[in-house]
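As structure tokens, the structure follows; a few thoughts come after it.
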Amino acid sequence: MQHQTGPKPVVGVSMRRKTTRCLLALTCWCLSPVSAPAGNDTPADAGQATRLAGKFWPQWRGPLGTGQGVEADPPIEWSEDRNVRWKLRLRGLGHSTPIVWSDRVFVTAAVPYGTPVPPKPDRAPGAHDNLPVTRRHMYVVLAIHRTKGQVAWQRTLAKALPHEGGHYTGSLASASPVTDGTRVFAHFGSRGLYCLDFEGRTQWQFQFGEMQTKHGHGEGSSPVVYGNTLVVNWDHEGQSFAAALDTATGKQIWKVARNEVTSWATPIVVSHAGQAQVIISGTQRVRSYDLSSGRVLWECGGLSRNIVASPVSAKGMVFAASSYDTRALLAIRLDGARGDITGTKQVAWGRRRGTPYVPSPLLYKDTLYFLSHYQGILSRVRTISGEERTGPIRLNGIRNVYASPVAAADRVYITDRDGTTLVISHAESPTVLARNTLQDSFSASAALVGNELFLRGQKFLYCIGRQ
């Protein structure tokens, strides 16, 4: 572990005139309750810990695990010289989403260093569109002052020559970090899982081995935290598994084999009828595991190969989607779900068109939003019935969307890889409220906290806030 001097912030024009303190107004229930946070935010009970988690963005897809910020109210319009509180140039590359807790923003990155080496031959069968392996990389975590846009600390957790280069559109730091309010968990897959405190000190680490991904396209599933348990999905071309670890010690609680090939989906944890269950999308099955034991509770077939989109859940329903060689969306009713529920009444409704491949669905209020494959065609359906709501909608000026859509204050934000974010109204007849462009490329999903929106690009981390 090394302590390094971080990069300097590039401050927006308005911030040079004054610095506006962020409003922390995001209060909501969580799919994944957390432990007590550090410092002045330490709660008196677990319920208060959950409420505090709702104020921030503790994991990929936010406190609900759905992309929703219940009371967040970020700007509608921005550009390089408008409503950018600060932008920070980042070393290396990472498609991981920034997470936010109190006055800290945490990001991960893979930073190349040293003299280039001759390209390694790609060992993956059928590999194509992959980057050559020519550089060693440092795998780093950065903590950034939320109001200043300055690096508080940076830690190098591993150094290695990657065994796979990954797809040319991917990164070697695509798994998003997660926090329980006292610790930060950074998952670099084959390079290890690390637990840090808020000062950047390593508390423990865990090595799962070397992942062999399909076509060598790279790794990307993020961990999820629920209470004192952290869950990792490890689907690859070897023996796949899911594992649960104790957040305080890193001790493995359980590990169960999965009859799966490579996927990039992140698990979710849902508490239903008094039982916490881990739900993971896969090629063979969507499966639910008992959080305490790893026992399979139910499973359902019907998705595609190459699962990337993660499931979402609310009000006793789970929605899992895929689009590679098969377009599929399953709406699963949790009440009574046991065993193999494929083709049973537990599947409340399904869909075979316009489903997402890379970006995960957005679950906002009574509506499920999803993009066709990763193009700019948006569908909106009612969660209970699957009924279409005035769509599909072609999003002019949007294409190649890898970031998952997010929503707050009756607005939906969709960001593409060319630097454009389209803001549309959450209404029966939606309208385009703004088309915002930044001089960067975005694959990471946005984070919404209070009146701010954080966008992590290929070159910069942006804090968008009204000036």
Does VAL105 qualify as being under 15 Å from ALA447 (Cβ atoms), of a type in the set (A, V, I, L, M, F, W, C) and touching a His at 6+ places or on another chain (Cβ under 9 Å)?
yes
Look through the range 414-467, keep the residues that are of a type in the set (D, E, K, R) and over 14 Å from GLU77 (Cα atoms), and return whichever of them is farthest from the chain's Cα centre (by Cα).
GLU428
Selection from the range 349-365 of residues in a loop (DSSP other than H, G, I, E, B) and basic (Lys, Arg) yields ARG352, ARG353, LYS365
Which residues, taken from the range 216-267, are of a type in the set (S, T, N, Q) and within 22 Å of the chain's Cα centre (by Cα)?
SER221, SER222, ASN228, THR229, ASN233, SER240, THR247, THR262, SER263, THR266
Search result, residues across the range 335-362 that are closer than 21 Å to LEU297 by Cβ and buried (at least 19 other Cβ atoms within 10 Å of the Cβ)
ALA337, ILE341, GLN346
Subset of the range 397-431 [in contact (Cβ under 8 Å) with a residue 12 or more places away in the chain, surrounded by fewer than 17 Cβ atoms within 10 Å (Cβ to Cβ) and farther than 29 Å from GLY350 by Cβ]
GLY397, ALA409, ASP418
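Residue by residue, here is whether (1) over 20 Å from the mean Cα position of the chain (by Cα); (2) over 25 Å from ILE144 (Cβ atoms) holds:
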position: LYS159; (1), (2): yes, no
position: SER176; (1), (2): no, no
position: VAL184; (1), (2): no, no
position: LEU193; (1), (2): no, no
position: LEU196; (1), (2): no, no
position: GLU210; (1), (2): yes, yes
position: LYS214; (1), (2): yes, yes
Restricting attention to the range 317-330, and to residues there that are among the hydroxyl-bearing types (Ser, Thr, Tyr) and in a strand (DSSP E or B), which single residue is nearest to the chain's Cα centre (by Cα)?
SER322
Give VAL269, VAL256, VAL278 a once-over and let me know the one that is in contact (Cβ under 8 Å) with a residue 60 or more places away in the chain and not in a loop (DSSP other than H, G, I, E, B).
VAL269
From the list ALA447, ALA434, exactly one residue is in contact with a Leu (Cβ under 9 Å, 6 or more places away or on another chain), surrounded by fewer than 16 Cβ atoms within 10 Å (Cβ to Cβ) and among the aliphatic types (A, V, I, L, M). Which is it?
ALA434
Give the residues of the range 103-130 that are touching a helix residue (DSSP H, G or I) at 6+ places or on another chain (Cβ under 6 Å) and either modelled with pLDDT of 95 or more or not in a strand (DSSP E or B) (or both), sorted by residue number.
ASP122, ALA124, GLY126, ALA127
Would you say VAL133 is at pLDDT below 95, surrounded by fewer than 17 Cβ atoms within 10 Å (Cβ to Cβ) and part of a loop (DSSP other than H, G, I, E, B)?
no
Any residue that is modelled with pLDDT under 95 and either crowded, with 22+ Cβ neighbours inside 10 Å or of a type outside the set (D, E, K, R) (or both) - is there at least one of those in the range 326-334?
yes
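Can you tell me which residues in the range 383-396 are free of Cβ contacts under 8 Å to residues at least 40 places away in the same chain, under 24 Å from ALA331 (Cβ atoms) and loosely packed, with under 15 Cβ neighbours inside 10 Å?
SER385, GLU387, GLU388, GLY391
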What number of residues in the range 293-316 are touching a Ser or Thr at 6+ places or on another chain (Cβ under 8 Å) and not in a strand (DSSP E or B)?
12
Looking at the range 300-313, can you tell me whether even one residue there is surrounded by fewer than 23 Cβ atoms within 10 Å (Cβ to Cβ) and farther than 24 Å from LEU371 by Cβ?
no
Which of the residues spanning the range 179-200 are within 21 Å of LEU88 (Cα to Cα) and of a type in the set (A, V, I, L, M, F, W, C)?
VAL184, ALA186, PHE198
What are the residues in the range 235-284 that are among the small types (Gly, Ala, Ser), surrounded by fewer than 23 Cβ atoms within 10 Å (Cβ to Cβ) and within 22 Å of GLY316 (Cβ to Cβ), if any?
SER271, ALA273, GLY274, ALA276
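The values are calculated or read from the model by the stated rules, or taken from the named source; none is laboratory data. Every value quoted in this text rests on a predicted model; they were computed, and no experiment measured them. Note that we place each Cβ from the backbone using ideal geometry, even for glycine, and neighbour counts take in every protein chain shown.
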